[in-house]
Amino acid sequence: MDRSDAAPFRQLIDSEPAVLRAGAEAALDHVAGLGDRGAGVSAGALVALENFDEPLPDEPGDGSATLTMLAEVGGPATMASPGTDYFGFVNGGTLPVALGAAFVTAAWDQNGALPMMSPVAARLHRVTRRWLVELLGLPAATEVTFVSGATMANASCLAAARDALAAEAGWDVPADGLLGAPPIEVVVGAGAHTTIGKSLALIGLGRDRVTTVPSDDQGRIEPGALGELDLPDDRPVIVCAQAGEVNTGAFDPFVELVDWCRSRRSAWLHVDGAFGLWALADPGRADLVAGLTGADSWATDGHKWLNVSYDCGLAMVARPGALRRTFTASAGYLPPATGPGDTDSPFETPFEAPFEAMHHTPQSSQRARQIEVWAVLRTLGRSGVAELVRRACDSAGVLAEHLDGAGFEVLNDVVLNQVLVRWGDGRTTEALIDAVERDGRLWCGPTQWDGETAMRLSVSSWRTSPDTARRAAQVLVELAEGVGR
Ligand SMILES: Cc1ncc(COP(=O)(O)O)c(C=O)c1O
């Protein structure tokens, strides 16, 4: 008997169109309902999650019914982060074309690891790399890889940096490991994002084995701070800078950092630009981003400000071959790695070679994340991405202005999409954040700033506009007046 005709599998085949339709309809209904609900989750929706605590079924069931349950019980317990009024963390929304591309890509079920597993993924990788390099003004030879998020992008770039600097000192880290390797100094700003520490820990350079240089009141590395360092001239050094401090959105002084790194015998400047890197796409922000493209590597996210779905991080490295040195893998069943930097490549220019993602990233099998990024870039174009950035920054400006006018203390220079405020002191700010959560119309979270609680608003969804931001600010003022100071 053909096992594919056994009852459960026959049923899976027969119900496939209905199940897919149920999934697509649930998705459409959810998105259509975003405008009619608050940003938070009601107490009732949280209680209803208990419905998921069922025994594991013994027998196959109806896939459409499973999706209906998912939508009915799960949907209301989602944060409306793709909506207009969610300002928590730095969580972007999803552009319609990104979501559509995600549907198609999921249906294709392509393994983006190698061109032979997905020719379309490899070709769209090549196009997307070229477009990103143009859009952001990065050096022409920059390699772009897609990983799960900015944390892994930071770790991937820093691993490539570690191995490149060790190679300059005559040591092969991928082959011989770090024990006995020549020392590499790591310099971080006091305002570095926590994922830099996590990345350094992951790649064996150590979270605490770093030299921390002071940051100013916006979390920027202090001008002149690197010049004060007393490092032996021949010591390789990785400098971890950032474009977009997670509370304030501030940028490090890149012109100076680039100059300092270039003055050293062996140095690598890495930039964590999880959201801020997209400022490069807006010609109006040239002052803010000055020097940024002179770094050696950049980490950013697609799932934050570019508004593609999770999980999409981008690790970008200006030195050809560096990612491959770190991440290449070989096995009898795999084709030998080729790519940028190959001298014996049959391709005239390095980037004509089909991109082998698994030899340039920590993963082997991988989602073809570039497809959503390609879809967004093709649909928005250069000016559309610039407008995505501007719209969020303008909305942040409206929030700040309105809140300032209502007696909030705005704690940051609003140079990007982040607004940091306090209502009264830390205690009354906490009370306001609780009130916002209970109210449910908006969502914004706490942070610690200057040793006290502050409230952080990040404008990262394409749906938020200066008008919706004004309305959100009015809600915040109303709730703040209820809390008092
Ligand atoms: C500056 C910065 N770096 C890194 C990250 C980590 O990004 P992800 O959560 O995508 O790994 C974030 C997240 O907000 C961030 O703001």
Worksheet item: Residue separation times 0.36 nm, minus the C-alpha to C-alpha distance between D176 and A24: what's the value?
Response: 49.8 nm
Discussion item. Can you tell me what share of the DSSP beta bridges in the chain is antiparallel? A percent to the nearest 5 is fine.
Written reply: 60 percent
Worksheet item: How high is the relative contact order of the stretch 382-483, given as a whole-number percent (alpha carbon pairs under 8 Å, six or more residues apart)?
Response: 34 percent
Item to complete: Would you mind working out the accessible area per residue for the chain, using a 1.4 Å probe, and quoting it in Å²?
Response: 44 Å²
Practice prompt. Pop out the carbon and sulfur fraction of the accessible area of the stretch 382-483 as a percent, whole number, probe 1.4 Å.
Written response: 44 percent
Practice prompt. Beta carbons within 10 angstrom, averaged per residue: use that to sort the peptides 246-257, 386-397, highest first.
Written response: 246-257, 386-397
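At a 1.4 Å probe radius, carbon and sulfur cover how many percent of the accessible area of the stretch 103-376?
Percent of accessible area from carbon and sulfur atoms in the stretch 103-376: 54.
Over the chain, what is the relative contact order in percent, taking alpha-carbon pairs closer than 8 angstrom and at least six residues apart?
Values: 922 pairs, mean separation 102.4, N = 485.
Dividing the mean separation by the residue count of the chain yields 21 percent.
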Discussion item. Given a 1.4 Å probe and heavy atoms of the protein chains only, how would you sort L226, L380, largest accessible area at the top?
Written reply: L380, L226
Practice prompt. May I ask which residue of G191, A201, F146 lies farthest towards the positive end of the charge dipole of the stretch 73-222, with charges of +1 (Lys, Arg) and -1 (Asp, Glu) on Cβ and the Cα centre as origin?
Written response: F146
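So between T211 and V47, what do we pick up on full extension, going 0.36 nm a residue minus the alpha carbon distance?
54.3 nm
Defining a contact as two alpha carbons under 8 Å apart and six or more residues distant in sequence, what relative contact order in percent does the stretch 1-86 show?
It comes to 44 percent, rounded to a whole number.
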Discussion item. Quick check on the chain: helices-only [θ] at 222 nm, where DSSP H runs of length 4 and up contribute -39,500 (n - 2.57) each and the sum goes over total residues. Nearest 500, please.
Written reply: -12500 deg cm²/dmol
Item to complete: Can you tell me how much longer the chain between T379 and R235 gets when fully stretched, taken as 0.36 nm per residue apart minus their C-alpha distance, in nm with one decimal?
Response: 47.2 nm
Discussion item. Residue by residue through the stretch 84-96, what is 3J(HN,Hα) from phi via Karplus (6.51 cos²θ - 1.76 cosθ + 1.60, θ = phi - 60°)? Round to whole Hz and write x for glycine and proline.
Written reply: 7, 10, 9, 10, x, 6, 10, 9, x, x, 10, 5, x
Practice prompt. Mind ranking 446-453, 141-148, 415-422 by how tightly packed they are, going by the mean number of other C-beta atoms within 10 angstrom, highest first?
Written response: 415-422, 141-148, 446-453
Discussion item. Charges at C-beta only: +1 for Lys and Arg, -1 for Asp and Glu. How large is the resulting dipole of the chain about its Cα centre, in Debye rounded to 20?
Written reply: 880 debye
Discussion item. Among G219, P115, V421, which residue has its Cα furthest toward the positive end of the charge dipole of the chain, with +1 on Lys/Arg Cβ and -1 on Asp/Glu Cβ?
Written reply: P115
Worksheet item: How far is it, in nm, from the label point at V475 to the one at E54 when both lie 7 Å from their Cα along the line to the Cβ?
Response: 3.3 nm
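The values are calculated or read from the model by the stated rules, or taken from the named source; none is laboratory data. Being a predicted model, the structure only gives us computed values, none of them experimental. So basically every Cβ, Gly included, is an ideal-geometry build from the backbone, and we count neighbours across all protein chains shown. Keep in mind that these areas ignore ligands, DNA and RNA; they rest on the heavy atoms of the full protein, side chains included. Shrake-Rupley method; radii C 1.70, N 1.55, O 1.52, S 1.80 Å.
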